Amino acid sequence: MCGICGCSQTNQTTKLKPVVKQNQHLLTSAHGHAGHAHDHHENERLIQVEQNLLNKNNSYAAQNRAYFKQHQIFTLNLVSSPGAGKTTLLVETIKRLKDRFPITVIEGDQQTERDADRIRATGVQALQINTGRACHLDAHGIGHAIRELDVKDHSLLAIENVGNLVCPSSFDLGEALKVVVLSVTEGDDKPIKYPDMFHAADLMLLNKTDLLPYVDFDVEQCIRYARQVNPDIEIIKLSSTKGDNFSTWTDWLTERLSALP
Amino acid sequence: MHELSLLENVRDILEEHAVTQNFSKVTQVTLEIGKLSCVEPEALRFGFDVVMKDSLAENATLLISELDGLGLCQQCHREMQMKTLYEPCIHCGHAFVRITQGAEMKVKDLVVI
Ligand SMILES: Nc1nc2c(ncn2[C@@H]2O[C@H](COP(=O)(O)OP(=O)(O)OP(=O)(O)O)[C@@H](O)[C@H]2O)c(=O)[nH]1
Ligand SMILES: [Mg+2]
Ligand SMILES: [Zn+2]
């Protein structure tokens, strides 16, 4: 049993049950979805619940946020579609900032340790969470991760979420800010196609700008779309592999890290 | 499959209520899902039996009550139907309409033994 939150698991994959094959499911689901296919038992009673499905996640997120505040840990939740460049961006960020601030990374992927290994190669601490079937990290898993890691006070904690522009938007991890990475090879209409994510984000990093000459991507249109769903979103254009404008991002981070009391 | 982890939350909520409200079996679960909530009712129906298997809600009936999207214009203060989370006001064209209904995703009630 976990001493911190009272749960019986050590990581979030253990609670996941095996997925039943589709045809198997369809056979077993032939019962009562029409409404009243069950016999009514005389002791049946109705209970009002009125409970939000995300309540539990939100309360773990609040615990994480309190912990980060207490220890002055500046936490970012990085989200994007698969391959937008989150890990590349983090590796480059670490190279430039690790001598100025302690940095820790939590990597979320459905499978493999590959991204955590890429981070560890830079010399900073990284923990990989494999979410298995789940397409997003949740606050409970992060709560365990931060207790397993040795996250220094007055430091940066970067959480790379599972590559997915839909689901992670609903799951608060307790982060200070959500950063959405969009790469120019994905199309300039992504902000209005996945409005929830761009609405929830505080900062959009428009990555792979070195590829702009080769793709049909209207930067101004993309920014208009992003502001349409989120008028307050900050936007930085950069290239994580070529380094163009990368210092605008590291300056943005440095400013916030220096402001920690 | 975001819906599967939401269903795991449903199962957790049932298990907690079983302790506090003293029941051992759930025969019907009503969820309230807003049409703007980015949850697909079909995917919930699809995953329900799988996630509830071997729990106190095994074989329970799932009812989903879908709520239409409604918004209140922050400028002219009139109400309107919303098909998406971000639509300008149909009355005055103002860009920001606050969602008043349709973002729900919750367990409304249960029939238990
Ligand atoms: N040209 C160019 N390629 C980039 C840039 N940033 C990342 N890439 C490339 O994009 C590919 C994917 O990068 P990753 O950093 O693995 O992307 P990710 O978002 O971490 O991917 P997942 O974790 O799988 O979702 C790699 O081949 C990177 O080299 C960039 O600024 N310019
Ligand atoms: Mg990655
Ligand atoms: Zn109006």
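Could you grab the pairs with beta carbons closer than 6 Å, sequence gap of 6+ or different chains, first residue in segment A:225-247 and touching a residue at least 60 places away in the same chain (Cβ under 8 Å), second one aliphatic (A, V, I, L, M) and open to solvent by less than 60 Å² (accessible area, probe 1.4 Å)?
Hits for this filter: A:240/A:89; A:246/A:238.
Facing chain A (nearest Cβ under 10 Å), outside any helix (DSSP H, G or I) and among the small types (Gly, Ala, Ser): does that describe residue B:37?
Judged against the criteria, residue B:37 is a match.
Out of segment B:40-53, which residues are more than 8 Å from chain A (Cβ to nearest Cβ) and in a loop (DSSP other than H, G, I, E, B)?
B:40
If residue B:32 meets every condition in (1) at pLDDT 95 or above; (2) of a type in the set (Asp, Glu); (3) assigned to a loop (DSSP other than H, G, I, E, B) apart from one, which number is that one?
(3)
Criterion first (within 14 Å of another protein chain (Cβ to nearest Cβ), within 27 Å of residue A:190 (Cβ to Cβ) and either open to solvent by 80 Å² or more (accessible area, probe 1.4 Å) or within 13 Å of ligand 1 (Cβ to nearest atom) (or both)) does residue A:91 satisfy it?
The answer is no for residue A:91.
With the checklist (1) away from ligand 2 (no atom under 14 Å from the Cβ); (2) part of a strand (DSSP E or B); (3) among the hydrophobic types (A, V, I, L, M, F, W, C); (4) out of contact with any Phe, Trp or Tyr (no Cβ under 8 Å at 6 or more places or on another chain) in hand, flag the one item residue A:134 doesn't pass.
Among (1) away from ligand 2 (no atom under 14 Å from the Cβ); (2) part of a strand (DSSP E or B); (3) among the hydrophobic types (A, V, I, L, M, F, W, C); (4) out of contact with any Phe, Trp or Tyr (no Cβ under 8 Å at 6 or more places or on another chain), residue A:134 violates only (2).
Which residues, taken from segment B:33-42, are touching a residue at least 40 places away in the same chain (Cβ under 8 Å) and open to solvent by less than 20 Å² (accessible area, probe 1.4 Å)?
B:33, B:34, B:36, B:37, B:39 - these are the residues of segment B:33-42 that are touching a residue at least 40 places away in the same chain (Cβ under 8 Å) and open to solvent by less than 20 Å² (accessible area, probe 1.4 Å).
Please enumerate the residues belonging to segment A:160-217 that are more than 18 Å from residue A:238 (Cβ to Cβ) and in contact with a Gly (Cβ under 6 Å, 6 or more places away or on another chain).
A:161, A:162
When only residues in segment A:174-233 that are open to solvent by 20 Å² or more (accessible area, probe 1.4 Å) and among the β-branched types (Val, Ile, Thr) count, which is nearest to ligand 2 (Cβ to nearest atom)?
This residue is A:185.
Being within 29 Å of residue A:192 (Cα to Cα) and away from chain B (no Cβ under 14 Å) is true for just one of A:175, A:148. Which residue is that?
A:175
Looking at B:93, B:102, which is the one that is more than 10 Å from every other protein chain (Cβ to nearest Cβ) and either over 30 Å from residue B:16 (Cα atoms) or loosely packed, with under 15 Cβ neighbours inside 10 Å (or both)?
That would be B:93, the only listed residue that is more than 10 Å from every other protein chain (Cβ to nearest Cβ) and either over 30 Å from residue B:16 (Cα atoms) or loosely packed, with under 15 Cβ neighbours inside 10 Å (or both).
Would you be able to say whether some residue in segment B:57-72 is over 12 Å from the mean Cα position of the chain (by Cα) and within 13 Å of ligand 3 (Cβ to nearest atom)?
Yes.
Go through segment B:1-30 and give me each residue that's open to solvent by less than 30 Å² (accessible area, probe 1.4 Å), touching a residue at least 24 places away in the same chain (Cβ under 8 Å) and either under 24 Å from residue A:194 (Cβ atoms) or aromatic (Phe, Trp, Tyr) (or both).
Across segment B:1-30, the qualifying residues are B:2, B:3, B:4, B:6, B:7, B:8, B:23.
What about residue B:20, is it in contact with a His (Cβ under 6 Å, 6 or more places away or on another chain), within 12 Å of chain A (Cβ to nearest Cβ) and not in a loop (DSSP other than H, G, I, E, B)?
no
The values are calculated or read from the model by the stated rules, or taken from the named source; none is laboratory data. It should be emphasised that the depicted structure is a prediction, and the values quoted were computed from it without experimental measurement. Glycine also receives a Cβ, built like all others from the backbone with ideal geometry; neighbour counts cover every protein chain displayed. Protein only, heavy atoms only, side chains kept; ligands, DNA and RNA dropped before computing areas. Shrake-Rupley method; radii C 1.70, N 1.55, O 1.52, S 1.80 Å.
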